[in-house]
Amino acid sequence: MPAGPKLDDTLLRCIGCGAVTPVAESGLACAACGDLLEVVFPPPNADSAKALGSAALKALWRERRSSQLPADQSGVWRFREVLPSLGEEHPAITLREGNTPLYELSRCARIAGIGQLYAKHQGMNPTGSFKDTGMTVAASFARQEGFRWVACASTGNTSASMAAYAARGGMRSLVLVPEGQIAWGKLSQALDYGAVTCQLKTDFDGCMRVLNQVVQRMPVYVLNSVNPYRLEGQKTAAIELLEQFDWHVTDHVIVPGGNLGNSSALGKAFLEMKELGLISTLPKISIIQAEGANALVRTIRETGGKKLIPVEAHTMATAIRIGNPASWKKAVRVLEATSGTVEQVSEVEIALAKAEIGADGIGCEPASAVTLAGLKKLVKQGFVKSRDSVVLILTGHLLKDPEFTLKFHRGDLFAGTRHEKEAGILSAQQRAPIVLDANVDPVLKVLEQAEKEGIR
Ligand code: F0G
């Protein structure tokens, strides 16, 4: 890793009382008041970023794309001038994360009633979710600090990502997940990457509570998004997005909200890019939650963002089944700084939006689809205008949760639930697999029928 300030030079600030501490002295919570910490920007190495100037910085980041160095091939460490840096003798643990594609969603744009709609697909990361961009940073720091064990509570993607980076970095990992509430794809990843995996008989918030007790008794390093280094890495998705638009800023960026680390990280990045002079305006960042896991929506609507209203979370979008989001204060700040908004969407709206993103040839996991479902509502409300440019942040890969997709197309997803009636609107999107005798005629008949029906 090229020269930069040592880990010890990084400063952390409490988002509650504002106390600033050098990283070497701090844990993951403020020693004075217990609130969350964030990495102070500009970091010491931003002096060099500022000295370089915005044009040179953009050129440097672009040039690194053709380098063979592991750090340059990573879509996270490529932007190291705005990240806390590792000591020279400590290489990053990298799976060449980031560098994710930006897709135009033309059919979904028509459905939503807008002209320009894009998806930044963070599900195209090495373990299939946006978590990798943060994990490369935080896991590298854990190894540099000499931790043998890392741990997280998770709805599935954090644990998959953490287990992979821990294995690559020669560390052991402990995963706490809610039993029966995470998608199989994610659970199988944690097992495959060698994590000690505990399915606790509770929900995500309960897993978080147990994890906090574990770390008081054992020297394990927490890799949940309360870890400020995770969010530094996750910032790079926003920087890369700006780069993909040749540093033009879209009108809106729409993000799913669970524990609220990702929206906080993306917001931090846009604000920092503005401070560095790489952009002059900000996109409105809006956060969408499932109706059954709507703590932030309620917090904004009922308290103006002043006091968290935790909820008991229920949604089939298991990734965002979180009732007591840790980073809510950071997310509220992002909403205020960028003039974004919050919205909630129903289970059926999520399922429909997921199928629509799939039919555009992209696909994503259910939690990511809240973005399109939310966009449709924001267009109807006039918050997003038909001429606005919009980016949806798709956070997880379609194959993370194949069970949801299969049930959807077989028509079983809402069977026997209170959503059954509302789910009638989904039939036009459903394409159940067809079982036939192994002869050419029945196949041709199916083809003819499909031709008659046209593209659905
Ligand atoms: N989308 C996906 C696919 C996720 O896995 C998560 C969170 C989110 C959105 C929400 O992001 O928490 O930063 O607001 N997954 C967590 C996990 C919490 O444990 O994998 P957030």
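Tally Lys/Arg at +1 and Asp/Glu at -1 over every other residue whose Cβ is under 15 Å from the Cβ of ARG301; what's the total?
Values: positive: ARG298, LYS306, LYS307, LYS377; negative: GLU291, GLU302, GLU336, GLU343.
Value of the local net charge: 0.
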In whole Hz, with x marking every Gly and Pro, tabulate ³J(HN,Hα) for segment 107-112 from phi via Karplus 6.51 cos²θ - 1.76 cosθ + 1.60, θ = phi - 60°.
-> 5, 5, 4, 4, 4, 6
Suppose R0 equals 56 Å; then what is the FRET efficiency for ALA59 and ASN439 from their Cβ-Cβ distance, rounded to the nearest 0.05?
-> 0.35
Dipole size in debye (nearest 20) for the chain around its Cα centre, Lys and Arg Cβ +1, Asp and Glu Cβ -1?
-> 520
Pair GLN244, LEU191: separation of 7 Å Cα→Cβ label points (nm) | 3.3
Given the pairs LYS307/LYS385; LYS201/LYS377; LYS235/LYS307, which span a C-alpha to C-alpha distance of over 29 angstrom in this model?
-> LYS307/LYS385; LYS201/LYS377
Would you mind calculating the gained length between SER339 and ALA31 on full extension (0.36 nm times residue separation, minus the Cα-Cα distance), in nm to one decimal?
-> 107.7 nm
Would you mind pulling out the separation of the Cα centroids of segment 96-173 and segment 241-279, in Å?
-> 16
Among ARG172, ARG301, which comes first, then next, by fewest other beta-carbon atoms within 10 Å?
-> ARG301, ARG172
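To the nearest 20 debye, what charge dipole does segment 36-169 have about its Cα centre, counting +1 at the Cβ of each Lys and Arg and -1 at the Cβ of each Asp and Glu?
Dipole about the Cα centre, nearest 20: 460 debye.
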Cα centroid of segment 403-417 to Cα centroid of segment 318-361, whole Å | 21
Tensor-based shape of segment 314-377 (alpha-carbon gyration tensor, a/c under 1.5 rounded, otherwise prolate or oblate) | prolate
Using the beta-carbon distance between GLN381 and ALA359 and R0 = 25 Å, what value does 1/(1 + (r/R0)^6) give for FRET efficiency, to the nearest 0.05?
-> 0.50
How large is the Kirkwood hydrodynamic radius of segment 308-456, in angstrom, based on all distinct alpha carbon pairs?
-> 17.7
Fewest-first ranking of TRP247, TRP328, TRP77, using other Cβ atoms within 10 Å as the exposure measure | TRP247, TRP328, TRP77
Pull out the extension gain between GLU422 and LEU102, defined as 0.36 nm times the separation in residues minus the alpha carbon to alpha carbon distance; nm, one decimal.
-> 112.0 nm
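Per residue of the chain, what 222 nm ellipticity follows from adding -39500 (n - 2.57) for every DSSP H run with n ≥ 4, rounded to the nearest 500?
Rounded to the nearest 500, the figure is -11500 deg cm²/dmol.
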Applying the gyration tensor rule to the Cα atoms of segment 58-169 (axes a ≥ b ≥ c; rounded if a/c under 1.5, else prolate if a/b exceeds b/c, else oblate), the class is oblate
Using the 2.2 N^0.38 Å rule of thumb for compact globular proteins, work out how the chain stacks up: its C-alpha Rg over that value, please.
-> 0.97
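Every number in this text was worked out from the coordinates using simple rules, so none of it is lab data. This structure is a prediction, so every number in the text was calculated from the model and none was measured. Counting neighbours? That spans all protein chains shown, and the Cβs are built from the backbone with ideal geometry, glycine included.
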